[in-house]
Amino acid sequence: MAVSVAGIALQNPVLCASGTFGYGVELEPLVRLDRLGGLVGKTVTAEPRRGNAPPRTFETPAGMLNSIGLENPGIESYCEEILPRLRGRAFRVFANVAGEDARSFARLVSRLDRAGGVDGIELNLSCPNVAGGLDFSTDARLAREVVAACRAETRVPLFAKLTPNVTDPAPIAVAAREGGADGLTCVNTVLGMAVDWRRRASRLSARHAGLSGPAIRPIALRVVDQVRRAVGGPILAAGGIATAEDALEFLVAGASAVQVGTASFVEITAPERVAADLPALLASAGVGDVNDLIGTLPKD
Amino acid sequence: MALTALRPEKVLLLECDVLDSREKAPGCRLLRLDLPEMAPRIEAGQFLHIRPAGVLTPYLRRPFSVYDVPASPRGAVDLLFTVIGSGTYALGSLRPGTRASVLGPLGRPFRFASDGAVSVLVAGGIGVAPFPDLAKKLIAAGSVPAKDIRAVLGARSRSLVFCREDFAALGVPCEVGTDDGSEGFHGNAVQLTARVLEGLRGQPVRIYGCGPEPMLRALQKLCVERKISGQLSIDRRMACGLGICRSCVVRVKDPAGPDWHFETVCREGPVFDTETLLW
Ligand SMILES: Cc1cc2nc3c(=O)[nH]c(=O)nc-3n(C[C@H](O)[C@H](O)[C@H](O)COP(=O)(O)OP(=O)(O)OC[C@H]3O[C@@H](n4cnc5c(N)ncnc54)[C@H](O)[C@@H]3O)c2cc1C
Ligand SMILES: Cc1cc2nc3c(=O)[nH]c(=O)nc-3n(C[C@H](O)[C@H](O)[C@H](O)COP(=O)(O)O)c2cc1C
Ligand code: FES
């Protein structure tokens with residue numbers, strides 16, 4: 001089941017998505033991290049953040065809205081307390097960072113580079129839950145600038161995490177690659193809203209929030225297809241992936257690996273289940289090596 | 001945000017049979033699940049995070065206090081809930097022969113000590129759900145004799161007072177109050193608690209509360225004013241139940257200094273001390 005993504009060797013193509021699995025270690029032994037291809041940590045920022053006021057989530061048809069607001073313990077705590085606990089394991093470690101501008105992104109990346117023990121870095125250019133968070137991936141120039149600043153700080157593979165909330169993701173993907181991104185993560189959440197008509201109020205403390213779960217899977221698949229046709233791989237796919245069937249749809253469409261997100265809230269063992277189910281599912285279609293499947297959807 | 005003391009080694013994720021589902025009172029359902037592995041691990045005040053097995057809707061789990069771990073049938077766990085929306089409707093529609101997916105036991109339980117204090121269990125409406133099990137465990141642990149427990153049940157109206165018979169069966173004295181005066185004391189649970197405290201004058205008291213947030217805020221005020229130690233089981237919308245999604249946060253006073261931090265109701269709660277809870 002091994003795949004290689006931007007030179008990172010994964011024992012299988014299944015990762016957990018940022019913000020939906022904590023930092024992983026706090027869930028053992030309920031989950032078996034060593035069965036995953038990789039673990040993407042929740043976004044960390046320069047300083048600890050408390051995040052938004054509750055209510056922060058609301059269930060919607062086949063999914064949920066969230067406006068957590070990047071609650072996290074900060075980069076120092078991540079490097080000092082969490083990263084050491086992830087060393088020397090069977091899965092690959094992906095950090096995910098968000099800054100306020102290109103310089104602060106670059107500083108975060110530089111800190112991770114110094115800390116070591118990080119196999120890949122996801123740049124969260126697309127968090128809908130903080131002021132300015134979406135700008136980096138709705139504006140090609142900004143996306144290029146942020147990625148380029150980070151590129152200058154490290155040789156660790158960089159993945160730009162894109163938003164689906166644009167008319168066309170292709171120019172943003174192109175700009176991120178021009179800035180020096182090794183790969184792209186598609187997608188972050190889709191902007192949405194829920195209203196409690198009796199209270200004449202939003203269901204969440206933030207007016208708008210990010211939609212995730214099976215409801216957005218077709219959108220994610222469409223974005224992966226657009227990005228792959230515009231810039232090729234490698235692509236890490238996220239958006240409603242909950243089963244091995246879902247994962248293979250994305251691999252065929254051009255993703256090199258998939259991330260399981262909201263499905264982990266329903267079933268915390270979803271990522272390891274998806275990984276475990278892949279071999280038999282592939283075998284049932286006569287596919288011996290998962291690499292023979294990746295990107296086999298014709299481009300036109 | 002500290003990576004604090006969930007004990008994941010004690011948590012199980014499994015699918016189980018529905019043993020029974022019935023209307024215990026109008027609008028109030030009892031769901032009996034077959035959980036032989038999980039049942040012995042459950043401490044009073046912990047909750048289970050459940051959903052119907054094998055369906056896409058509702059998508060997320062719903063949290064419910066453990067209402068009872070009956071002696072027979074062995075391995076059964078009972079939940080008690082009112083149907084208020086799509087999740088509780090779907091769970092209330094489960095019947096014997098269908099299956100549920102259960103994550104648990106979750107959360108920090110009620111704490112208790114055998115120090116001679118009278119334990120006053122204050123419930124608003126369906127908030128009574130964790131208290132029969134708490135009373136049972138207080139008594140069984142030899143911590144508190146039944147005569148040193150008081151159940152204070154508040155509800156909008158007579159038909160919404162649940163579980164009187166459970167406390168009667170345990171020999172726990174029970175006081176009922178209704179907002180509309182249709183049964184017992186005419187007033188809310190916190191006013192009734194104040195009356196019960198008068199009757200206990202002089203005796204040390206420990207308060208346990210569960211119910212709607214306005215009631216719990218008033219109860220907290222009462223505890224603080226009278227310097228009574230209190231523990232409140234609180235309700236927040238949840239997704240993961242494991243402290244990772246950060247859905248269910250509540251503000252808690254920092255141990256030192258005037259500042260506050262968020263804690264999760266699913267992991268650091270659902271039981272919080274009245275002294276530190278800022279909502
Ligand atoms: C630790 C914990 C233990 C719990 N234990 C129990 C229990 O033992 N028995 C029980 O009946 N419930 C219990 N609850 C509450 C229960 O989880 C919710 O009632 C349930 O999740 C509602 O799901 P739903 O999909 O039916 O309602 P939703 O569709 O989510 O909500 C329906 C409507 O009710 C409103 N609403 C939601 N929750 C509440 C609430 N608590 N009170 C009033 N209005 C609300 C919503 O805003 C909405 O308008 C507990 C909650 C927690 C956090
Ligand atoms: C509660 C929640 C928190 C999230 N937090 C982050 C985050 O901190 N950083 C990030 O890059 N993406 C975050 N995401 C987005 C997911 O990583 C993922 O891109 C998105 O949810 C789509 O995948 P899914 O449908 O499988 O959840 C979060 C999603 C959810 C539901
Ligand atoms: S429900 Fe996810 S952190 Fe509490």
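The values are calculated or read from the model by the stated rules, or taken from the named source; none is laboratory data. Quantities reported herein were computed from a predicted structural model and do not represent experimental measurements. A quick note on method: Cβ atoms are made from the backbone with ideal geometry, for glycine too, and the neighbour counts reach across all protein chains shown. With ligands, DNA and RNA removed, areas are computed over all heavy atoms of the protein, side chains included. Shrake-Rupley method; radii C 1.70, N 1.55, O 1.52, S 1.80 Å.
Numbers below:
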item	result
Average beta-carbon neighbours from other chains, 10 Å sphere, peptide A:41-53	2
Shielded residues, the stretch B:45-72 - accessible-area loss of 50 Å² or more between chain alone and all protein chains, probe 1.4 Å	B:TYR59, B:LEU60
Chain A - charge dipole about Cα centre, Lys and Arg +1 at Cβ, Asp and Glu -1, debye rounded to 20	580
Karplus (6.51, -1.76, 1.60) ³J(HN,Hα), θ = phi - 60°, over the stretch B:119-134, in Hz, Gly and Pro reported as x	8, 9, 9, 9, 10, x, x, 5, x, 5, 3, x, 7, x, 5, 4
The stretch B:4-106: Rg to Rh, with Rh as the Kirkwood radius over Cα pairs	0.94
Solvent-accessible area per residue, Å², over the stretch B:118-234 with all protein chains present [probe radius 1.4 Å]	41
Choice from B:ARG206, B:ARG74, B:ARG99 with maximal GNM fluctuation in chain B (Cα, 10 Å cutoff)	B:ARG74
Dipole moment magnitude, nearest 20 debye, the stretch B:4-106 about Cα centre, only Lys, Arg, Asp, Glu C-beta charged	180
Convex hull volume of the stretch B:118-234 per residue (C-alpha atoms, cubic angstrom)	88
Interface area, B with A, accessible, probe 1.4 Å, both sides summed, Å² nearest 100	2900
Pairwise label distance in nanometres, B:LYS253 with B:VAL55, each label 7 Å out on the Cα-Cβ vector	4.4
Isolated Cys in chain B, by beta carbon distance under 4.7 Å	B:CYS16, B:CYS28, B:CYS163, B:CYS174, B:CYS210, B:CYS223, B:CYS248, B:CYS266
Percent breakdown of C-alpha pair distances by 10 Å bin, ordered from the shortest bin, for the protein assembly as shown	3, 17, 26, 23, 15, 10, 4, 1, 0
Cα-centre dipole for the stretch B:118-234 with unit charges at Cβ (Lys and Arg positive, Asp and Glu negative), debye to 20	340
Amide H contacts of A:VAL5 (H built 1.01 Å from N, under 5 Å, at least 5 apart or other chain)	A:LEU10
Value at 222 nm in deg cm²/dmol, rounded to 500, when DSSP H runs of n ≥ 4 in chain A each add -39,500 (n - 2.57)	-8000 deg cm²/dmol
log10 of Debye I(q)/I(0), alpha-carbon scatterers only, for the stretch B:217-261 at 0.19, 0.27 Å⁻¹	-0.82, -1.03
Karplus-derived 3J(HN,Hα), 6.51/-1.76/1.60, for each residue of the stretch B:14-20, Hz, glycine and proline x	8, 9, 9, 7, 7, 8, 7
Per-selection Rg to Rh, the stretch A:164-212 - Cα, Kirkwood hydrodynamic radius	1.21
Apportionment of accessible area to carbon and sulfur, the protein assembly as shown, percent (1.4 Å)	52
Residue-averaged beta-carbon neighbours from other chains (10 angstrom radius) around A:262-271	5
Alpha-carbon Rg/Rh ratio, for chain B, with Rh computed the Kirkwood way	0.95
Of B:LYS10/B:LYS137; B:LYS147/B:LYS253; B:LYS24/B:LYS137; A:LYS42/B:LYS137, pairs whose Cα-Cα distance is over 27 Å	B:LYS147/B:LYS253; A:LYS42/B:LYS137
Amide proton proximity set for B:VAL176, modelled H, under 5 Å, gap of 5+	B:LEU153, B:PHE185
Heavy-atom SASA rank of A:HIS208, B:HIS186, B:HIS261, B:HIS49 (probe 1.4 Å, accessible area, largest first)	B:HIS186, A:HIS208, B:HIS261, B:HIS49
Shielding by partners, peptide A:69-75 (average Cβ within 10 angstrom, other chains)	2
Selection of chymotrypsin sites (Phe, Trp or Tyr not before Pro), the stretch B:135-221, meeting DSSP coil and at most 10 other Cβ within 10 Å	none
Selection from A:ILE294, A:SER4, A:MET64, by position along the positive dipole direction of chain A (Cβ)	A:MET64
Nearest-10 value in Å² for the accessible area of B:LYS221, using the 1.4 Å probe	130
Built amide H within the under 5 Å cut-off of A:PHE58, gap 5+	A:LEU65
Fully extended contour minus Cα-Cα distance, from A:GLU80 to A:LEU293, at 0.36 nm per residue	72.8 nm
For chain A, built as a Gaussian network whose Cα springs stay under 10 Å, the top-fluctuating residue of A:VAL40, A:VAL14, A:VAL287	A:VAL287
Computed label-point distance, nm, for sites B:ARG201 and B:VAL224 using a 7 Å Cα→Cβ extension	2.7
Relative contact order (%) - the stretch B:118-234, alpha-carbon pairs under 8 angstrom, separation at least six	28
Table column - 3J(HN,Hα) (Hz), the stretch A:118-127, Karplus curve with 6.51, -1.76, 1.60, x for Gly and Pro	10, 8, x, 10, 9, 9, 7, 8, 9, 6
Among B:SER157, B:SER86, B:SER229, residue whose mean-square fluctuation peaks in a GNM of chain B (springs only between Cα atoms under 10 Å)	B:SER86
